[in-house]
1. Which of the peptides 79-91, 14-26 is most tightly packed, and how do the rest follow, going by the mean number of other Cβ atoms within 10 Å of each residue?
2. Remind me, relative contact order of segment 22-126 in percent, using alpha carbon pairs under 8 angstrom and six or more residues apart?
3. By how many nm would the segment from residue 24 to residue 75 lengthen if fully extended, with 0.36 nm per residue of separation less the alpha-carbon distance?
């Protein structure tokens with residue numbers, strides 16, 4: 001029925017406002033995609049969710065240091081991908097990344113590999129880690145009443161920056177003991 005009405009209106013284009021003719025031409029061009037929605041009703045008709053997810057990086061890129069640099073853009077894309085994946089998994093990105101960087105620091109600056117890395121895959125997080133890295137854990141708030149030591153370490157303020165073997169400044173993650 002909609003298809004018949006659409007074709008009837010398009011046949012009388014000389015009686016319509018030019019903007020309406022343009023809309024009908026677009027509708028005719030996009031009709032197949034719109035009609036496919038009947039087969040997959042779980043998919044949204046628009047991509048507003050995806051557009052909103054990209055808004056922060058797109059608006060912010062001009063304000064970030066090195067926005068004209070290809071390396072900076074690639075690094076930003078990696079960071080946003082990791083933090084967005086953590087958020088979609090219900091994890092607090094700051095607590096999640098803090099735990100990962102803490103594991104790297106404890107291994108002498110070497111990232112975990114193999115089974116040790118599996119712990120940090122959002123889809124394979126064990127229940128204990130999920131509770132510690134959950135999105136309801138705000139790192140700026142006071143410790144929850146039942147916080148265990150790992151949660152307190154993840155949400156505590158980091159100590160002042162240090163330098164690594166290459167002379168680069170790095171933030172030391174809290175471990176409960178001074179870093180010597």
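Rule-based calculations on the coordinates, nothing more; no lab input. These figures come from a predicted structure and were not determined experimentally. Backbone-built Cβ (ideal geometry, glycine too); neighbour counts: all protein chains shown.
1. Packing proxy ranking, top to bottom: 79-91, 14-26.
2. Relative contact order here is 12 percent.
3. Here the answer is 14.1 nm.
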